Amino acid sequence: MSLPSALYNSKTFGEKKFEVDPSKPQYQTTNGATTGPSEHVLNAGQVDIDRPSEPKLKEDNSNQVTYLSNLRCQLTGLQDDINVFLTEKMELAKGKKIKVASNKDTD
Amino acid sequence: MVNLNKIPPKNGRKYYVALGLEGSANKLGVGVIKHPFLENHESGDLSHDCGVEILSNIRDTYITPPGEGFLPRDTARHHRNWCVRIIKKALIEAQIKDPGLDIDVICFTKGPGMGAPLHSVVIAARTCSLLWEVPLVGVNHCVGHIEMGREITKAENPVVLYVSGGNTQVIAYSENRYRIFGETLDIAIGNCLDRFARTLRIPNNPSPGYNIEQLAKKSTHKDSLVLLPYTVKGMDLSMSGILAYVDILAKDLFRGNKKNKVLFDQKTGEQKVTVEDLCYSLQENLFAMLVEITERAMAHVNSNVVLIVGGVGCNVRLQEMMGTMCRDRADGKVHATDDRFCIDNGVMIAQAGLLQYRMGDIVTDLNETVVQQKFRTDEVYVSWRE
Amino acid sequence: MFKKQSLEKLNIPFETSKQASIAAQVLKPDPQLRPEEFKVDYSSQGSDLVVNFQSVDDRVLRVGVSNVIDSIKTIIETIDELQDF
Amino acid sequence: MVSTILPQFPKFQVNVSLFHDVQNSEDIRLQVAELPFAFVDASVIVSQEQLFAAVYRVLTDLTYNKLRTKTIHSECLLALSPTSNIGEAFNRFGIQQGSTDLVVLQIVEVGQESTESANDIVKGTEVEFNNDNLLHTYNEQTLRKIYKLDNSFQPKTTEGFSQALVNAIQLRGL
Amino acid sequence: MSQKIVDKVSEYLTSNIPIKLISQGAEAVVFTTNVHPYLPKDQIGDDSDVQYIIKYRPPKEYRHPDIDKSLTKHRTLSETRILAKLYQIKDIHVPKIIASDVFNGCIWLEFLGEELPNNAGFSNLKHFLWMYNKDGANAYDPIVLRTLYEVGRQVGLLHWNDYCHGDLTTSNIVLVRDIHNENSWQPHLIDFGLGSISSMVEDKGVDLYVLERAILSTHSAYAERYNKAIIEGFSSVYKNEGEAGLKKLNELLNRFEEVRLRGRKRSMIG
């Protein structure tokens, strides 16, 4: 079974490969770290009741998530990886301090 | 001659079923409706009387904390994260067993509205369409409101007052278009109320307008109105000046600025106007303007029937004022619907979309499903009416 | 040509080629807001959806890629929940 | 004498007489406050329309308790004026020392007609109160000044001129 | 028409003034009568055909009494005032005022217009255009285009003198037939309740936009040519005023275009 992946490439930076490690928890959730509500509403007291749906379980009572739910979780983790990486690069470009593992969305 | 039965129901059934998806602003709505297949729909203009049966009408509203509006990005996130769950809920409630067999058409809001939220719903709509092999129809949101209102109230050819967060229009049908006779020259009524509510930190749950309406009822100084600018320009109106004016009052009230002569007695420092009074005055003023432009349009097109649609349309005070106006016109009548149909919902998109579908107007290329943030009511060719 | 930053071969392995093809068809119609700054192309290769992005800078790339992934997640969820409804 | 009842105000009778060659204007002026008439200098009256428009205004204001002066007859002089300055209205429209042509106006409640007649007071020649007879006595230049009419306004007829005065009478004080 | 309103007017006018309802607009009810409010009968002559307009703004029960009183007074007064001012401007055609009672919202006006032939309705611009839009008629008859040109001229004169109408619809333009030439119609602007004195180019642009839309909404098929004729008439007034006029005209037409674009592009968020 293949996993979602991506490849970043820039002339100045070179290549960076993004891969999924299915055993790690960040690839087992639908709730991404970088795709929450915007900081602005959180600061205004927003309680997040609009999280993504939980992964779907197979109907065979095996307590395993479906293939597509699994894919969705892995893609969520991959999206976080890409977002964090690109955010760091953006901040670098701005000459600012790198915020390690920022879990805030900045767009 | 209009033939609403141009396309027969699927699988030789005697009825049509449509799924409607709406997400142009902060409400996400999914609805399933059924139209019986009726012989008399083959000729004559019966688009207001389809015998609609509502199989399900599910809505989820993105709510922000008091003082905050809804931003496109967060609204889109809400829709994206709830969309599939809401569709599923609507299908289950409608007892749809096999969407590919049971549903004739999937209707989605093409516009107008906020780009990101519209887009997040259209993604699901396209996927369903390809997955179930069911045709798609893109619907103008405003036309959705009008068609739903007509079907529910059976108002045949009313002057329509469409009032919501983003729209304020007086519309009348003529020669296959819903033509705009009057509208706001700047901001929409709902927007005006929402922004006023934000200044006073009036909660957004269930909606700022609803809360203003409840507060207004509690005003104890109804006999002495806070006079606000009244800006009717023919059949158009302007509200930005009123908002600016009332917003200063609201700010001073919120902060307790005793220097404000309208709000505080300059000698005793006593507060003369409460939040409730201000809500009352704002409603009375804005609604009087709405009723006036509606009456102007009625006089212009020689009609005596009004249909109020859109989220602000479920305000009971507005309905009551409109009713009084109609009563004073010859046999006038006002039609309105309750919050199930007034506030953005999926059923209205299904209703307008199904009419479109029955006339043979369907998406033939997915490129036609790109959402349109700006999509005027009068751009739609209304093929289903005489 | 603005190809400075790119994210090549975002590869999403669907269950079937039909699913991958649906995903590509769903994503294709939407035009980019700023085509001079950001380009995307989608294709399905077997059961894989393959997306290529090109952008003038990391900021534009980040917003664009994340939006597309959001859409793909919606597509996956829709198929997952509604395919065999 | 023209005697009429305005349809909207059936309780009041309006009597109007026009006198030329009046000789005792000085005497009348001195006792004007006690006399139940309005004495208007005819040089500032162009038409019946102008005068009756003022009467209409007086009766409207009376009905809705909006009179500005002490009596219904002094109100008539104010009603003719384009401004709300009472003294000015009296000076411009009331009887003057040397007035030789007079419009005498009386408003009485129906059923309470006074025995006093304008003829008993005014020593002059009564002519019919109509537009033709007014034509010879009015002074356009004075009226232009009083009603502040622009020189660009050059109506072709007396009726056209009169209309501008009617307009001003409607709008006084509003 | 609500009997209550008729009763109210009848009570105000008394039974001495017989009234006939001719239209119920949005804010005013319009009656005709053959009784003059103050001129003695024998002075008007025996012409019993003479009619007068009574325009009454009834209290609107739907709105708060404070708003109602203030609007009724303001609009009646403003209409009277503007008609009085416009009366004195050369070549502008508006109805003459006979009487005005701003506190009761009542204005008496000169009666203008006539019934169009073949039951085509009263001679306002709307009915007039409909008459020519019927099958068998020539929608672009020179009489129509000339009349529209004259409509444009009237609006031009209004704007040149810094007045705005505020509600330029096709029902608010009454056509009066030339007594010497039955094919010549002189447009008269009526209903100045929303009128204003304004030198603002924005107000004038909106005025033109409202008129353009009024034509578009009720005479869609011929609107383009009709609106062109109106603008030609409008422009002719400004062009007559030399350089200064041309400059103002350009400014105004540009704003008109801007207002129109704004109208089309206005954010339409659902």
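The values are calculated or read from the model by the stated rules, or taken from the named source; none is laboratory data. Just so you know, these numbers come straight off a predicted model, no measurement behind them. As a convention, Cβ positions derive from the backbone with ideal geometry for all residues, glycine included, and neighbour counts pool all protein chains shown.
Numbers below:
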item: Residue in the stretch B:76-91 that is more than 8 Å from every other protein chain (Cβ to nearest Cβ), touching a residue at least 60 places away in the same chain (Cβ under 8 Å) and not β-branched (Val, Ile, Thr) present; result: yes
item: Boolean, B:Ser129 is touching a His at 6+ places or on another chain (Cβ under 9 Å), more than 14 Å from chain E (Cβ to nearest Cβ), under 30 Å from C:Ser21 (Cβ atoms) and assigned to a helix (DSSP H, G or I); result: no
item: E:Leu216 being in contact with a Lys or Arg (Cβ under 9 Å, 6 or more places away or on another chain), surrounded by fewer than 22 Cβ atoms within 10 Å (Cβ to Cβ) and not acidic (Asp, Glu); result: yes
item: Selected residue (criterion: nearest to B:Asn345 (Cα to Cα)) from residues of the stretch B:92-126 that are within 14 Å of chain E (Cβ to nearest Cβ), in a strand (DSSP E or B) and of a type outside the set (S, T, N, Q); result: B:Phe108
item: All positions within the stretch B:149-167 that are crowded, with 24+ Cβ neighbours inside 10 Å and either away from chain E (no Cβ under 13 Å) or part of a strand (DSSP E or B) (or both); result: B:Gly149, B:Arg150, B:Glu151, B:Pro158, B:Val159, B:Val160, B:Leu161, B:Tyr162, B:Val163
item: Meets criteria (under 20 Å from the mean Cα position of the chain (by Cα) and surrounded by fewer than 16 Cβ atoms within 10 Å (Cβ to Cβ)) for E:Gly25; result: no
item: Output for the stretch A:75-96, where each listed residue is buried (at least 21 other Cβ atoms within 10 Å of the Cβ) and at the interface with another protein chain (Cβ under 9 Å from one of its Cβ atoms); result: A:Leu75, A:Thr76, A:Leu78, A:Gln79, A:Ile82, A:Asn83, A:Leu86, A:Thr87, A:Lys89
item: Subset of the stretch C:1-58 [more than 11 Å from every other protein chain (Cβ to nearest Cβ), surrounded by fewer than 16 Cβ atoms within 10 Å (Cβ to Cβ), in contact (Cβ under 8 Å) with a residue 12 or more places away in the chain and not basic (Lys, Arg)]; result: C:Phe2, C:Ser17, C:Gln32, C:Glu36, C:Ser43, C:Gln45
item: Residue within the stretch B:170-178 that is surrounded by fewer than 21 Cβ atoms within 10 Å (Cβ to Cβ), acidic (Asp, Glu) and within 23 Å of B:Lys27 (Cα to Cα) present; result: no
item: Residue list for the stretch D:60-106, restricted to those being more than 25 Å from D:Ile5 (Cβ to Cβ), touching a residue at least 60 places away in the same chain (Cβ under 8 Å) and more than 11 Å from the chain's Cα centre (by Cα); result: D:Pro82, D:Thr83, D:Ser84, D:Gln96, D:Gln97, D:Gly98, D:Ser99, D:Thr100, D:Asp101
item: Sole residue being under 16 Å from the mean Cα position of the chain (by Cα), more than 8 Å from every other protein chain (Cβ to nearest Cβ) and more than 21 Å from D:Lys148 (Cβ to Cβ), chosen from E:Leu112, E:Leu116, E:Leu86; result: E:Leu112
item: Unmet requirement for E:Phe122, which otherwise passes all of (1) surrounded by fewer than 20 Cβ atoms within 10 Å (Cβ to Cβ); (2) modelled with pLDDT under 95; (3) over 30 Å from E:Glu11 (Cβ atoms); (4) within 14 Å of another protein chain (Cβ to nearest Cβ); result: (3)
item: Odd one out for B:Leu28 among (1) surrounded by fewer than 24 Cβ atoms within 10 Å (Cβ to Cβ); (2) in contact with a Ser or Thr (Cβ under 9 Å, 6 or more places away or on another chain); result: (1)
item: Members of the stretch B:63-84 found to be assigned to a helix (DSSP H, G or I) and hydroxyl-bearing (Ser, Thr, Tyr), listed by number; result: B:Thr75
item: Pairs, first in contact (Cβ under 8 Å) with a residue 40 or more places away in the chain in the stretch A:39-55, second outside any helix (DSSP H, G or I), C-beta under 8 Å, six or more apart; result: A:Glu39/A:Lys104; A:Glu39/A:Asp105
item: Looking only at the stretch C:59-85, and only at residues there that are among the hydroxyl-bearing types (Ser, Thr, Tyr) and more than 8 Å from chain A (Cβ to nearest Cβ), the one that is surrounded by the most Cβ atoms within 10 Å (Cβ to Cβ); result: C:Thr78
item: Residue check, A:Gly36 over 18 Å from B:Val84 (Cβ atoms), under 14 Å from the mean Cα position of the chain (by Cα) and without any contact (Cβ under 8 Å) to a residue 60 or more places away in the chain; result: no
item: Among (1) within 17 Å of B:Asp194 (Cα to Cα); (2) out of contact with any helix residue (DSSP H, G or I) (no Cβ under 9 Å at 6 or more places or on another chain); (3) surrounded by 14 or more Cβ atoms within 10 Å (Cβ to Cβ), the one test that B:Asp252 misses; result: (1)
item: Filter result for E:Tyr62 (in the same structural domain as E:Pro95 (by TED's automatic domain parsing), surrounded by 18 or more Cβ atoms within 10 Å (Cβ to Cβ), at pLDDT 95 or above and over 30 Å from D:Gln13 (Cα atoms)); result: yes
item: The stretch E:125-139 residues that are in the same structural domain as E:Ala229 (by TED's automatic domain parsing), paired with ones that are charged (D, E, K, R) and modelled with pLDDT of 95 or more (beta carbon under 7 Å, 6 or more apart); result: E:Tyr132/E:Asp141
item: In the stretch A:10-43, the residues that are surrounded by 14 or more Cβ atoms within 10 Å (Cβ to Cβ), out of contact with any Lys or Arg (no Cβ under 8 Å at 6 or more places or on another chain) and more than 24 Å from C:Glu81 (Cα to Cα); result: A:Lys16, A:Phe18, A:Val41, A:Leu42
item: Hits in the stretch D:69-95 - residues which are out of contact with any Ser or Thr (no Cβ under 7 Å at 6 or more places or on another chain) and either part of a loop (DSSP other than H, G, I, E, B) or of a type in the set (S, T, N, Q) (or both); result: D:Thr69, D:Lys70, D:Thr71, D:Ser74, D:Ser81, D:Pro82, D:Thr83, D:Ser84, D:Asn85, D:Asn91
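This table checks each residue for (1) modelled with pLDDT of 95 or more; (2) surrounded by 24 or more Cβ atoms within 10 Å (Cβ to Cβ); (3) polar (S, T, N, Q); (4) within 22 Å of the chain's Cα centre (by Cα).
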{"residue": "B:Lys272", "(1), (2), (3), (4)": "no, no, no, no"}
{"residue": "B:Leu278", "(1), (2), (3), (4)": "yes, yes, no, no"}
{"residue": "B:Leu286", "(1), (2), (3), (4)": "yes, yes, no, yes"}
{"residue": "B:Met298", "(1), (2), (3), (4)": "no, yes, no, yes"}
{"residue": "B:Met322", "(1), (2), (3), (4)": "yes, yes, no, yes"}
{"residue": "B:Ile349", "(1), (2), (3), (4)": "yes, yes, no, yes"}
{"residue": "B:Ser383", "(1), (2), (3), (4)": "yes, no, yes, yes"}
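Residue-wise test of (1) within 13 Å of chain E (Cβ to nearest Cβ); (2) β-branched (Val, Ile, Thr); (3) in contact with a helix residue (DSSP H, G or I) (Cβ under 7 Å, 6 or more places away or on another chain).
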position: D:Ile86; (1), (2), (3): no, yes, yes
position: D:Gly111; (1), (2), (3): no, no, no
position: D:Thr137; (1), (2), (3): no, yes, yes
position: D:Phe153; (1), (2), (3): yes, no, yes
position: D:Gln163; (1), (2), (3): yes, no, yes
